[in-house]
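The values are calculated or read from the model by the stated rules, or taken from the named source; none is laboratory data. Every value quoted in this text rests on a predicted model; they were computed, and no experiment measured them. When we count neighbours, we look across all protein chains shown, and the Cβ atoms used for this are built from the backbone with ideal geometry, even at glycine.
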Amino acid sequence: MNGVVVVGAGLGGLRAAESLRAAGYQGPVTVVGDEEYLPYSRPPLSKEALATGIDVSALEFRRKSSVDDVAWRLGSGVVSSDLAGGTITLADGTVLDFDGLVIASGIRPRRLPIPGPAQGRHVLRTVADAQALRGLLVPGSHVIIMGAGFIGCETAATARVLGAEVAIVAIDDEPMARPLGAELGASMRRYHEGHGVHFHLGHTVDAFLGEDRVRSVALSDGTELPADLVIEAVGSITNTNWLADNDLDLSDGVLVDSAMQAHADAAPVVAVGDVARHPNALFDGVPRRIEHWNMPTETGRRAGRTLAALLSGDEPDRSPFTAMPSFWSDQYERKLQSFGMPGLATDVRLVDGDIDGACIVEYVNDTGLVGVVGLDRTQDLAPYRKQLMDRPIAYA
């Protein structure tokens, strides 16, 4: 018996391994990760961990005793796979055989092809990224953040708390506009500006200037901004290169069904977390990748049960997948929390509070309420979560 190989030592891979054991699978399980660390929480990397120092042990997820016998192969990622042959190949040349595969390889930050020196350009996804940044965010340093999404804005807040001078450059009209809408995004921009962040919206960075390292950036409107370091937070790319030539739909992550199974003429394969493009029957059932903090757990649990059933010769549960997407974001003293899929809305409504203070915003389309965001109103969102969970199933 070759057992199960889990490619990706993050939260989704961990939850899939735990779910395999909970479903009764007793064969070998090997988890492969390109980082040297056991599964750890990534959201603090742009917030409290970046501000106070990186203690990896404090970030590690608690692991259930059921996975005490799991083999962890860390520090060498996967470079290729042969699903029909049931093998993967690691960067160090090791070939692992498997009877079942969990794709939990996640995402990596997007890097734009901008001319200029590479030294001084940073991303923030891993412990190593945060460690490289921590000593550079010092009082008076000039920090350019490319991208006005959650990671960019959270990092901007942390950098300001540490005393850095911060400018955000983004093509968007307002920060976080896609998940929050223009009005709440504008409110958060004003909040950041009140803490000293400078925004250059509707523009791009056209060049990094400097000889040995980035010293400044040239914007699309001709503005030149000083830069001691640049943090690129302009989206993500799925880690699917190692899956090429295996007859999988990799057009945006790995396409799976409601059971998290990726259909190929090969060994049983499931995908979880940020790399999985799955349907959600609470909404329209269109397969999407959802990069929210709770989805690795939800998809990992379903995928582990699916793989255990397939390996025992049983038909897995293919009932509609109805997990509730959820995210939160801490920026300075304020806390954003959301349920549902606000990005599907055609109408955004402030229903309680002040848009520049504590408030609740509803997100609606022709099917009804599709999302809610609370700003400093966490305790008031429970009824909205229930209302969203009670939405009619989009498909059977």
> Hey, any hits in region 357-376 for a residue that's more than 17 Å from L184 (Cβ to Cβ), out of contact with any helix residue (DSSP H, G or I) (no Cβ under 8 Å at 6 or more places or on another chain) and part of a loop (DSSP other than H, G, I, E, B)?
Replying inline: yes
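In region 90-100, what residues are surrounded by 19 or more Cβ atoms within 10 Å (Cβ to Cβ) and either touching a Pro at 6+ places or on another chain (Cβ under 7 Å) or part of a loop (DSSP other than H, G, I, E, B) (or both)?
So the first thing to find is which residues in region 90-100 are surrounded by 19 or more Cβ atoms within 10 Å (Cβ to Cβ), and the list is 90, 96, 98, 100.
Result: F98, G100.
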>> I'd like to check something: does region 317-324 contain any residue that is in contact with an Asp or Glu (Cβ under 7 Å, 6 or more places away or on another chain) and in a strand (DSSP E or B)?
In response: no
> In region 52-89, how many are buried (at least 18 other Cβ atoms within 10 Å of the Cβ), of a type in the set (A, V, I, L, M) and part of a strand (DSSP E or B)?
Replying inline: 2
> Just to be sure, is R302 at pLDDT 95 or above, farther than 24 Å from A156 by Cα and not in a strand (DSSP E or B)?
Replying inline: yes
>> Go through region 130-159 and report how many residues are surrounded by fewer than 19 Cβ atoms within 10 Å (Cβ to Cβ) and not in a strand (DSSP E or B).
In response: 9
>> Please determine whether any residue of region 25-37 is of a type in the set (A, V, I, L, M, F, W, C) and part of a loop (DSSP other than H, G, I, E, B).
In response: no
> On the given criteria, is I145 closer than 21 Å to V254 by Cα and modelled with pLDDT of 95 or more?
Replying inline: no
>> Just checking, does region 217-230 include any residue being crowded, with 21+ Cβ neighbours inside 10 Å and of a type in the set (G, A, S)?
In response: yes
> Restricting attention to region 372-394, which residues are under 18 Å from C359 (Cβ atoms) and either β-branched (V, I, T) or loosely packed, with under 12 Cβ neighbours inside 10 Å (or both)?
Replying inline: V372, V373, T378, Q379, A382, P383
> Which number in (1) at pLDDT below 95; (2) touching a strand residue (DSSP E or B) at 6+ places or on another chain (Cβ under 8 Å); (3) among the β-branched types (V, I, T) marks the one condition that V275 misses?
Replying inline: (1)
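Answer yes or no as to whether E333 is out of contact with any strand residue (DSSP E or B) (no Cβ under 6 Å at 6 or more places or on another chain) and buried (at least 16 other Cβ atoms within 10 Å of the Cβ).
Numbers: out of contact with any strand residue (DSSP E or B) (no Cβ under 6 Å at 6 or more places or on another chain): yes; buried (at least 16 other Cβ atoms within 10 Å of the Cβ): no.
It is false that E333 is out of contact with any strand residue (DSSP E or B) (no Cβ under 6 Å at 6 or more places or on another chain) and buried (at least 16 other Cβ atoms within 10 Å of the Cβ).
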> Which of (1) out of contact with any Lys or Arg (no Cβ under 8 Å at 6 or more places or on another chain); (2) surrounded by 20 or more Cβ atoms within 10 Å (Cβ to Cβ); (3) β-branched (V, I, T) does I114 not meet, given it meets every other one?
Replying inline: (2)
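Of these, A281, A303, which one is under 19 Å from L20 (Cα atoms), buried (at least 18 other Cβ atoms within 10 Å of the Cβ) and small (G, A, S)? Walk me through how you get there before you give the answer.
Values: A281 fails: under 19 Å from L20 (Cα atoms).
Result: A303 is the single residue among A281, A303 that is under 19 Å from L20 (Cα atoms), buried (at least 18 other Cβ atoms within 10 Å of the Cβ) and small (G, A, S).
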>> Let me spell it out: the conditions are (1) at positive phi; (2) small (G, A, S); (3) more than 17 Å from the chain's Cα centre (by Cα), and G8 meets all of them except one. Which number is the exception?
In response: (3)
